[in-house]
Amino acid sequence: ASFLLLCFRSPVVTPLIFGLLLQAPLTQLSTITQPNFVLLLADDLGIGDVGCYGNDTIRTPNIDRLAKEGVKLTQHIAAAPLCTPSRAAFLTGRYPLRSGMDAINDYRVIFWNAGSGGLPPNETTFAKILQQQGYSTGLIGKWHQGVNCESRNDHCHHPLKHGFDYFYGMPFTLISDCQPTETPEMDRAFRRKLWLSTQMIGLVTLTAVLGRLTGLISVCWKTLTCLAGFSFLFFISWFSSYGFVRYWNCIMMRNHEITEQPMVTDRTTSLVLRESISFIERNKHKPFLLFLSFLHSHTPLLTTEKFLGRSRHGLYGDNVEEMDWMVGQVLDAIDKEGLKDTTLVYFASDHGGWLERQEGKRQLGGWNGIYKGGKAMGGWEGGIRVPGIVRWPGVLPAGTVIDEPTSLMDIYPTVVHLAGGAVPQDRVIDGRDLLPLLRGTVAHSEHEFLFHYCGVHLHAVRWHQKDTGAVWKAHYVTPIFSPPRAGACYDRGFCPCFGEGVTHHEPPLLFELSQDPSEAKPLSADTEPLFDTVIRKIGRAIEEHRRTLTPAPEQLSVSNVVWKPWLQPCCGTFPFCWCDKEGDN
């Protein structure tokens, strides 16, 4: 007995025993080849809007159930604080500036279906690799990665060119212009300037004509004709695009076919849910990837009558609760088909909530909890820290909480590895395989540094000091809040990345996030003995990171984002673009 006791205390035998105890889930994983993937991505959802992340007034029982049955990530970071670049990073596992999907100017997202910019054809998405591994791949909902390059039907940026077998949804993004009863949202300030300029030019023209008729002004009719022609051409040049935003951008497609132009918003939610469940049912006998890219909770907050007035947070809360119900319907479909144990489900948001989105006293954007900042802010936590939940019964330990730095880009290598594929070796992949961390076989994330960009401008860097558990974050650029200390740029609608609207910090602002997650108390050399050491370490990491960057064509340049009529998707004869094929059915 004494000998046995000594054996069990032996430093050699003890690890073997723990190894045997840990072997069961690993064996179980090896018996499941090519699991299904259901990736659920919310739009503009704040981390503070979800029950399992601390919200006790918006009801999200289905998302909370995912967290209870899976792994909750509390430091899950988006690679960008806006839709287009964040989703490009999610799809490719790469910082968006590597693919040219982040902006050097103020046009930081794709603005038109008829723009020529988008996710480059030479980028390899996780969908493309899974397609090569025999998966059925489907995207339902929002795309916002471009459509065409040179002609109306080349579809060079379309989901079907990026590895998806099936697409149903919006090639663009939901905006308030899609709802006729809402105040226009797209380029609102610029549109006001154009309208004011048109009125001024028209007034000058009218004054000149009246002056000529009354003899008060000596001007020839040829000059007046040219002035009138210029007024008309100026008006047409912008009204042909901005005057028909609902027809040009608010469309629904099935694969390459336009099904609604403009979209009928009253039935969008039910169609997106129907298509998602139908995809699961059609592909239940083979491995599949379903990327359900919600239109919730982006303005104009399309919400069915069943959920209106149900929450304590107005229309925004109603919309989040409806999205949670949709999550529940998808989970029920997985259960109904007996796929729960062979399906990895992931839930996240593309970036933080939009603090500035208000109409009068109505708050139409999300809440980011204790974290400073929000959507469009590349450095502050509120713009980039998002919910992150992964469930895979029997493989991932239920009810686990992981407070390690992880990224939306990590989904790329994780799903590729589980599908039996290999990540591309001819380019830098910034994501890291999450599976060892999720299963508890390693204690720390593979990310030592994460780089936080606003457009192509580096605003902040996070350093995870694994030996101490500290998470240092240095801010080199921060937006100037307006009004001051308001926590957002309410006077602008969005916080800028560069120019007069930002402050450059030398030395940078330094925070230790494990002690100060709200980034309320910047450290200095006087208050933090390690200040200089940390700043030097992060500075060397930036230099090394920049050496990995190679130039890429700017997909969001002004020439790529402007409306081009010859690229406009149209279900009729341009410019008479109108159809409702769902209604016909």
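Structure above, values below:
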read-out	value
For the chain, calculated [θ]222 nm from helices alone, where every DSSP H run of n ≥ 4 adds -39500 (n - 2.57)	-10000 deg cm²/dmol
Cα-based Rg of region 111-249 normalised by 2.2 N^0.38 Å, two decimals	1.59
Set K142/K286; K375/K564; K142/K537; K340/K581; K68/K466 screened for pairs whose C-alpha atoms are more than 31 Å apart	K142/K537; K340/K581
More than 18 Å apart - percent of Cα-Cα pairs taken over region 188-242	37
Listed residues T181, T268, T342, T550 arranged by accessible area, highest first, probe 1.4 Å	T181, T550, T342, T268
Calculated FRET value between F244 and Q515, using beta carbons and R₀ = 45 Å, to 0.05	0.30
Region 227-264 and region 425-457: distance between their alpha carbon centers, rounded to Å	41
Potential extension, R547-V428 segment - 0.36 nm per residue separation minus Cα distance	41.7 nm
DSSP-defined beta bridges in the chain - what % are antiparallel, rounded to 5	55
Calculated FRET value between T33 and E182, using beta carbons and R₀ = 60 Å, to 0.05	0.80
Relative contact order of region 313-464, pairs being alpha-carbon contacts under 8 Å that are 6 or more residues apart, as %	17
Over region 188-242, relative contact order from alpha-carbon pairs under 8 Å, at least 6 apart, %	40
Computed over the chain: relative contact order in percent, which uses C-alpha pairs under 8 Å that are six or more apart	26
Theoretical FRET efficiency, 1/(1+(r/R0)^6), r = Cβ-Cβ of A525 and E359, R0 56 Å, to 0.05	0.80
Interchain or long-range residues, amide H under 5 Å from C579's placed H	Q261
Residue-by-residue Karplus 3J(HN,Hα) for region 155-171, coefficients 6.51, -1.76, 1.60, Hz, glycine and proline x	6, 5, 9, 5, x, 5, 7, 10, x, 9, 6, 9, 9, 9, x, 9, x
Burial order of peptide ranges 492-505, 50-63 (average beta-carbon count within 10 Å, highest first)	50-63, 492-505
Rounded to whole Hz, the Karplus (6.51, -1.76, 1.60) HN-Hα couplings of region 457-471, x for glycine and proline	9, 6, 9, 7, 9, 10, 10, 8, 7, 5, 5, 10, x, 6, 10
Inter-centroid distance (Cα atoms) of region 148-215 relative to region 110-136, Å	25
Protection proxy ranking of 98-111, 524-537 - average other beta-carbon atoms within 10 Å, highest first	98-111, 524-537
Additional length obtainable on full extension of the chain from V219 to T441, 0.36 nm per residue less Cα span	71.5 nm
Residue-count net charge about T198 - beta-carbon cut-off 13 Å; Lys, Arg +1, Asp, Glu -1	+3
Kirkwood-Stokes translational diffusion coefficient of the chain, alpha-carbon pairs, 20 °C, 1.002 mPa s, µm²/s	84
Rounded accessible area per residue of the chain, 1.4 Å, Å²	42
Spatial separation of Cα centroids for region 278-294 and region 315-362, in angstrom	17
Karplus 3J(HN,Hα) series, Hz, for region 82-98 with 6.51 cos²θ - 1.76 cosθ + 1.60 (x for Gly, Pro)	9, 4, 4, x, 5, 6, 4, 5, 4, 6, 10, x, 10, 3, x, 5, 5
Region 130-153 residues near the modelled E337 label - backbone nitrogen below 20 Å, point 7 Å along Cα→Cβ	130-142
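The values are calculated or read from the model by the stated rules, or taken from the named source; none is laboratory data. Computed from a predicted model, the values in this text were never measured in an experiment. All Cβ positions, glycine included, derive from the backbone under ideal geometry; neighbour counts span all protein chains shown. Heads up: the accessible areas ignore ligands, DNA and RNA and are worked out on the full protein's heavy atoms, side chains in. Shrake-Rupley method; radii C 1.70, N 1.55, O 1.52, S 1.80 Å.
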